[in-house]
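**Q** One structure is given below, represented as structure tokens, and several questions about it will come after.
The values are calculated or read from the model by the stated rules, or taken from the named source; none is laboratory data. Bear in mind that the values here come from a model prediction, so they are computed numbers and not experimental data. Glycine gets a Cβ as well: all are built from the backbone with ideal geometry, and neighbour counts include every protein chain shown.
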């Protein structure tokens, strides 16, 4: 049995990217530990759980409970059930504080994502979480990062060389294509908060996508070619790139996951099952 740490922010993390790996790992008898900024139980992004507030009428009391766009964008029933189960677990309700965790406390690290700036930036920009990532990579421990979680790994810098922990590694992350599509749809549905899906946005003079997850990750790599997206000849490419099809416990075909040694990365919640299973395989000698 391995001990796996999942650091999360106090709020606004993606429920699928945390709960699906938790369920898969615990069913394989691994111990999952959580850590939050202050050692209090975290809360997922409510919009990604309910879908309420992602439609043009999402600001109207009563009507917001009738999601349409929100139904497509929110976590699917499988992920919502996993989150409800996880939320009742002792491990989730009694997390450690980020600064109380030592690298020797765990055997593997999972860095989940989320995009809502209010809660996620504290996590994405935390030197403490980044240091845990550096220590894990340097120790050769299994590290998994999905969606915006790859930003944590990209920002985790070796204190000696100054290079990113992802330098000279192959990786994927939330692609600009997926991020842009979600931002456009979210900007239409949530017109009063049109930048909900963009955690970081371009400043004046910067080209479109410069502050996307994909472009920041690429800037941390040894070569842009080390960022891997779904190739044109990949089977099921249409399902993998649509942003609509999500994988499941029995159907990995919509997912795209990249493994480089003891490091596993994925793009978005639709990859969560294959991501977790690929990571779990690294825990078994």
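**Q** Just checking, how many residues over the stretch 66-80 are within 17 Å of residue 188 (Cβ to Cβ) and under 16 Å from the mean Cα position of the chain (by Cα)?
**A** 2
**Q** Tell me which residues, restricted to the stretch 39-57, are within 29 Å of residue 190 (Cβ to Cβ) and assigned to a loop (DSSP other than H, G, I, E, B). If you could, list the steps in order and put the result at the bottom.
**A** Keep residues of the stretch 39-57 that are within 29 Å of residue 190 (Cβ to Cβ), which gives 40-57.
40, 41, 42, 45, 51, 52, 53, 54, 55, 56, 57 - these are the residues of the stretch 39-57 that are within 29 Å of residue 190 (Cβ to Cβ) and assigned to a loop (DSSP other than H, G, I, E, B).
**Q** Name every residue in the stretch 70-79 that is touching a residue at least 60 places away in the same chain (Cβ under 8 Å) and surrounded by fewer than 19 Cβ atoms within 10 Å (Cβ to Cβ), in order of residue number.
**A** Going through the stretch 70-79, the residues touching a residue at least 60 places away in the same chain (Cβ under 8 Å) turn out to be 70, 72-73, 75-76, 78-79.
Passing the criteria: 72, 76, 78.
**Q** Determine if the stretch 204-212 includes at least one residue that is in contact with a helix residue (DSSP H, G or I) (Cβ under 6 Å, 6 or more places away or on another chain) and either touching a residue at least 24 places away in the same chain (Cβ under 8 Å) or not in a loop (DSSP other than H, G, I, E, B) (or both).
**A** From the stretch 204-212, those in contact with a helix residue (DSSP H, G or I) (Cβ under 6 Å, 6 or more places away or on another chain) are 209, 212; that's our starting set.
Now drop any that are not either touching a residue at least 24 places away in the same chain (Cβ under 8 Å) or not in a loop (DSSP other than H, G, I, E, B) (or both), which leaves 209, 212.
Yes, there is a match, as at least one residue in the stretch 204-212 is in contact with a helix residue (DSSP H, G or I) (Cβ under 6 Å, 6 or more places away or on another chain) and either touching a residue at least 24 places away in the same chain (Cβ under 8 Å) or not in a loop (DSSP other than H, G, I, E, B) (or both).
**Q** Which residues, counting only those in the stretch 135-165, are in contact with a helix residue (DSSP H, G or I) (Cβ under 7 Å, 6 or more places away or on another chain), over 21 Å from residue 212 (Cβ atoms) and not in a strand (DSSP E or B)?
**A** Residues satisfying the conditions are 135, 136, 139, 142, 158.
**Q** Mind listing whichever residues of the stretch 227-261 are in contact with a helix residue (DSSP H, G or I) (Cβ under 6 Å, 6 or more places away or on another chain) and over 23 Å from residue 19 (Cα atoms)?
**A** Scanning the stretch 227-261 gives 227, 230.
**Q** Looking at (1) part of a helix (DSSP H, G or I); (2) without any contact (Cβ under 8 Å) to a residue 60 or more places away in the chain; (3) touching a strand residue (DSSP E or B) at 6+ places or on another chain (Cβ under 9 Å), find the lone condition where residue 32 falls short.
**A** All conditions pass for residue 32, except number (1).
**Q** Would you mind telling me which numbered condition in (1) surrounded by fewer than 19 Cβ atoms within 10 Å (Cβ to Cβ); (2) modelled with pLDDT of 95 or more; (3) assigned to a helix (DSSP H, G or I) residue 18 fails?
**A** (1)
**Q** Please give the number of the condition residue 6 fails out of (1) crowded, with 23+ Cβ neighbours inside 10 Å; (2) part of a helix (DSSP H, G or I).
**A** (2)
**Q** If the requirement is being part of a loop (DSSP other than H, G, I, E, B), surrounded by 13 or more Cβ atoms within 10 Å (Cβ to Cβ), free of Cβ contacts under 8 Å to residues at least 24 places away in the same chain and within 18 Å of the chain's Cα centre (by Cα), which of these qualifies: 173, 255, 183?
**A** From the options 173, 255, 183, the qualifying one is 255.
**Q** Now a separate question. Picking from 12, 38, 55, which residue would you name as being over 29 Å from residue 278 (Cα atoms), touching a residue at least 24 places away in the same chain (Cβ under 8 Å) and crowded, with 17+ Cβ neighbours inside 10 Å?
**A** Values: 12 fails: over 29 Å from residue 278 (Cα atoms); 38 fails: crowded, with 17+ Cβ neighbours inside 10 Å.
Step by step, each of 12, 38, 55 is checked, and only 55 is over 29 Å from residue 278 (Cα atoms), touching a residue at least 24 places away in the same chain (Cβ under 8 Å) and crowded, with 17+ Cβ neighbours inside 10 Å.
**Q** More than 24 Å from residue 137 (Cα to Cα) and either modelled with pLDDT of 95 or more or in a strand (DSSP E or B) (or both): does that describe residue 265? Reasoning before the result, please.
**A** On the way: more than 24 Å from residue 137 (Cα to Cα): no; either modelled with pLDDT of 95 or more or in a strand (DSSP E or B) (or both): yes.
Here the answer is no, as residue 265 does not meet what is asked.
**Q** Here's a follow-up. List the number of the failed condition for residue 224; all other conditions in (1) at pLDDT below 95; (2) over 21 Å from residue 274 (Cα atoms); (3) surrounded by fewer than 17 Cβ atoms within 10 Å (Cβ to Cβ); (4) in contact with a helix residue (DSSP H, G or I) (Cβ under 8 Å, 6 or more places away or on another chain) hold.
**A** Only one criterion is unmet by residue 224, namely (1).
**Q** Among the candidates 238, 222, 272, which residue alone is over 16 Å from the mean Cα position of the chain (by Cα), touching a residue at least 24 places away in the same chain (Cβ under 8 Å) and not in a strand (DSSP E or B)?
**A** On the way: 238 fails: touching a residue at least 24 places away in the same chain (Cβ under 8 Å); 272 fails: over 16 Å from the mean Cα position of the chain (by Cα).
Of the residues listed, the single one that is over 16 Å from the mean Cα position of the chain (by Cα), touching a residue at least 24 places away in the same chain (Cβ under 8 Å) and not in a strand (DSSP E or B) is 222.
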